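These notes are about the structure you will find just below.
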Amino acid sequence: MNDPSVSGPTYPFVAGMFSQLGGNSQGEAFYSGLKANGLHVFQTNDDTLHALQTGQIKVALVQSSAGLAEGTKDHSIRTAYLPKVTSLPSVIGIDAKAPAKEQSEAEQFASFVLSAKGQQVMLTGDPNGDSLYWPVVPGVSPRPALPPLSTVPTQAIDPYTWGPQEGTINSWFTNTIVH
């Protein structure tokens with residue numbers, strides 16, 4: 001799997017597992033058990049997927065877009081979903097302290113990204129990578145490589161609970177699991 005302190009999508013995955021298992025102590029025990037059984041931690045999706053392709057590991061835990069993309073290139077790689085998949089947040093923040101002109105431009109950008117046209121553009125950016133996502137607006141369909149979202153068991157984690165813990169959990173992961 002990827003290192004959550006390096007790979008952006010990995011922290012929500014780890015926090016989702018902690019949440020699903022019942023909290024921090026249960027999550028720590030789970031990852032400690034994985035480490036005791038030979039868990040390999042790599043920096044990024046590319047590193048983790050390379051280890052899978054070369055036989056260094058037999059199972060990889062990566063974000064779905066990376067797994068699906070790799071499966072389109074190497075048909076021996078298949079993507080499976082955990083019983084509860086943590087949705088990655090798609091957040092666009094606009095700094096209230098930014099000058100009015102910058103706020104206006106940021107609002108225009110956010111409106112575009114969250115429009116059908118913006119979602120269509122995002123679907124063409126990296127057809128074998130980050131464009132493998134489920135659009136967030138009605139009338140825009142995901143790329144064909146994605147299964148229907150209704151078939152993926154998703155969970156949303158509470159950002160007020162797990163967001164403030166990112167530094168602490170990442171530090172624990174680095175000090176206990178990576179090293």
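The values are calculated or read from the model by the stated rules, or taken from the named source; none is laboratory data. Computed from a prediction, not measured in an experiment: that's the story for all the values here. Here Cβ is always computed from backbone atoms with ideal geometry, including for glycine, and neighbour counts include all displayed protein chains.
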Original post:
Tell me, which residue of segment 139-151 that is closer than 18 Å to V85 by Cβ and among the small types (G, A, S) is surrounded by the fewest Cβ atoms within 10 Å (Cβ to Cβ)?
Top reply: S150
**OP:** Filter segment 110-138 down to the residues that are part of a helix (DSSP H, G or I) and among the small types (G, A, S), then identify the one that is surrounded by the fewest Cβ atoms within 10 Å (Cβ to Cβ).
**Re:** G125
**OP:** Report yes if some residue within segment 15-37 is free of Cβ contacts under 8 Å to residues at least 40 places away in the same chain and either in contact with an Asp or Glu (Cβ under 6 Å, 6 or more places away or on another chain) or more than 30 Å from Y160 (Cα to Cα) (or both); otherwise report no.
**Re:** yes
**OP:** List every residue pair whose Cβ atoms sit under 9 Å apart, with the two residues 6 or more apart in sequence or on different chains, where the first one lies in segment 92-109 and is free of Cβ contacts under 8 Å to residues at least 60 places away in the same chain and part of a helix (DSSP H, G or I) and the second, anywhere, is loosely packed, with under 12 Cβ neighbours inside 10 Å and not polar (S, T, N, Q).
**Re:** E102/D95; Q103/D95; Q103/A96; A106/I92; A106/G93; A106/D95; F109/I92
Original post:
If only one of G67, G125 is small (G, A, S) and farther than 30 Å from L21 by Cα, which one is it?
Top reply: G125
Subject >> Subset of segment 48-98 that is within 27 Å of Q119 (Cβ to Cβ) and of a type in the set (S, T, Y) - its residue that is surrounded by the fewest Cβ atoms within 10 Å (Cβ to Cβ) >> reply: S90
Original post:
Taking G8 and the conditions (1) of a type outside the set (A, V, I, L, M, F, W, C); (2) modelled with pLDDT of 90 or more; (3) under 25 Å from D126 (Cα atoms), which numbered condition does it fall short on, given that it satisfies the others?
Top reply: (2)
**OP:** Name the residue, out of T161, T154, that is surrounded by fewer than 13 Cβ atoms within 10 Å (Cβ to Cβ) and under 23 Å from S7 (Cα atoms).
**Re:** T161
**OP:** Please list, ordered by first then second residue, the pairs with beta carbon atoms under 7 Å, 6 or more apart or interchain, first in segment 48-76 and touching a residue at least 40 places away in the same chain (Cβ under 8 Å), second β-branched (V, I, T) and outside any helix (DSSP H, G or I).
**Re:** T48/V62; S64/T79; L68/T79; G71/I77; G71/T79
